[in-house]
1. For residues that are in contact with a helix residue (DSSP H, G or I) (Cβ under 8 Å, 6 or more places away or on another chain) and of a type in the set (Gly, Ala, Ser), tally how many sit in the range 61-91.
2. Scan (1) under 26 Å from GLY141 (Cβ atoms); (2) touching a residue at least 12 places away in the same chain (Cβ under 8 Å); (3) surrounded by 14 or more Cβ atoms within 10 Å (Cβ to Cβ) for the single condition PRO27 breaks and write down its number.
3. Is one or more of the residues making up the range 194-210 under 21 Å from ARG115 (Cα atoms), under 20 Å from the mean Cα position of the chain (by Cα) and polar (S, T, N, Q)?
4. Please state which one of ALA225, ALA216, ALA262, ALA246 is outside the structural domain of PRO112 (by TED's automatic domain parsing) and under 21 Å from GLY116 (Cα atoms).
5. Name the residues in the range 45-55 that are surrounded by fewer than 17 Cβ atoms within 10 Å (Cβ to Cβ) and either among the polar types (S, T, N, Q) or assigned to a loop (DSSP other than H, G, I, E, B) (or both), would you?
6. Report yes if ASP207 is assigned to a loop (DSSP other than H, G, I, E, B), closer than 30 Å to PRO9 by Cβ and charged (D, E, K, R), otherwise no.
7. Mind checking which residues of the range 93-143 are among the hydroxyl-bearing types (Ser, Thr, Tyr) and either in contact (Cβ under 8 Å) with a residue 40 or more places away in the chain or in contact with a Pro (Cβ under 7 Å, 6 or more places away or on another chain) (or both)?
8. Looking at GLN62 and the list (1) of a type outside the set (Lys, Arg); (2) crowded, with 21+ Cβ neighbours inside 10 Å; (3) not in a helix (DSSP H, G or I), which single condition is not satisfied?
Amino acid sequence: MKIVFMGTPEFAVPSLEKLIECGCEIPMVVTQPDRRGNRGKVTFSPVKECALQHGLPVAQPQQIRKDEEFMQELEALEPDFIVVAAFGQLLPERVLNAPKYDCINVHGSLLPKLRGAAPMQYSILQGDKTTGVTIMKMAKGLDTGDMISKAEMNIEGMTIHELADKLSALGAELLVKTIPEIVNGTAVYTPQNEEEHTYASMIRKEDGLTDFSGDAVSEERKIRAYDPWPALYSFLNGKQIKFFRAEVSEEEGTHDGGVISAVDKKSFTVDCGKGKLRILEVQLQGKKRMSAGRRRVRGRSADERRVDYVLRRNGILRLDDCTDSGDDFYHDCPGQNQAGVFQIFSSGEQPAPNRCPSGPDDAGCQWAVRRADQHPERRRRFE
């Protein structure tokens, strides 16, 4: 069986490896062009790395539609099948007609639901309890071809990484079962019901921006769906903060969305528009991922003094010792906002009130946003 394989991300690798394992002849692997990083380092796609490990020829056309040389090379191979798994380019009709049998696609949803570029992410965002993979015959439209086979699985609580790993393995198994059925004529081609189709559009960076005004359940789904990119993110102290692990709290929120209302050793809790979200892992701008919990400062715990929580330059949410010259630090006012120490904003700019509503001379107030170098007399006020 001569098969040309087209794919790019990690999701496609199990299908390629399964075809190799089954003894299929693969005269060409087609993948997206190499990427160049910020420091000039060239990065291969996971499919290209797999192909090179197995000594398979690799083609990387910039745009298949405009690459006549590639098209001639593909047609000269006279493949029995073209197998596509998350390739990343729309294929012209000339490619679809090239194989002896079919050009088939391994799609990460139960079609006609969630056609498009991001079906797995949307399954999580929608709170679907089940999803699956569909082997379909490719047509001119986007994921509109006849369905040949399906496999379903439970996905409750999964992250995008877990879901992609399981669906890619499930799709690979289904692929090698479906190809013989097509060859011996027992495969059943089922047209998609256009009235039932939904669409999973490409994920954009701005989709990850949040101010936590939504409900906690939806925000937690976004964290699972958007890891690692674009990630669920917001801004605190003018710096971007990303959220990577979280749990929905059973408590009802008592503050506006975006207020950090509690902190413990392993997490901090953000009030949402509806409900609360316990954040377990964060990443501050320019830093690595880290636990979201509080650390002790100079041996003093929250019970030993009035506490102010601050997200510092090193990205640790912890007690403020009021000694960082030049750093903004946020205080809470007993008469204004006892629980909400920080407000998370959906943009890099946030208001900085310069005096306490209880009065500028209130010795017991720690509400105003100040700079430590402007108030040296207050650096030790909590010691």
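1. 2
2. (1)
3. Among the residues of the range 194-210, at least one is under 21 Å from ARG115 (Cα atoms), under 20 Å from the mean Cα position of the chain (by Cα) and polar (S, T, N, Q), which makes the answer yes.
4. On the way: ALA216 fails: under 21 Å from GLY116 (Cα atoms); ALA262 fails: under 21 Å from GLY116 (Cα atoms); ALA246 fails: under 21 Å from GLY116 (Cα atoms).
When all the criteria are applied, what remains is ALA225.
5. GLN53, HIS54, GLY55
6. Working: assigned to a loop (DSSP other than H, G, I, E, B): no; closer than 30 Å to PRO9 by Cβ: yes; charged (D, E, K, R): yes.
Here the answer is no, as ASP207 does not meet what is asked.
7. Going residue by residue through the range 93-143, those that are among the hydroxyl-bearing types (Ser, Thr, Tyr) are 101, 109, 122-123, 130-131, 134.
Answer for the range 93-143, where residues must be among the hydroxyl-bearing types (Ser, Thr, Tyr) and either in contact (Cβ under 8 Å) with a residue 40 or more places away in the chain or in contact with a Pro (Cβ under 7 Å, 6 or more places away or on another chain) (or both): TYR101, SER109, TYR122, SER123.
8. Among (1) of a type outside the set (Lys, Arg); (2) crowded, with 21+ Cβ neighbours inside 10 Å; (3) not in a helix (DSSP H, G or I), GLN62 violates only (2).
The values are calculated or read from the model by the stated rules, or taken from the named source; none is laboratory data. In this text the structure is predicted, and so the values were computed from the model without any measurement. Quick reminder, even Gly has a Cβ in these numbers, built from the backbone with ideal geometry, and neighbours come from all protein chains shown.
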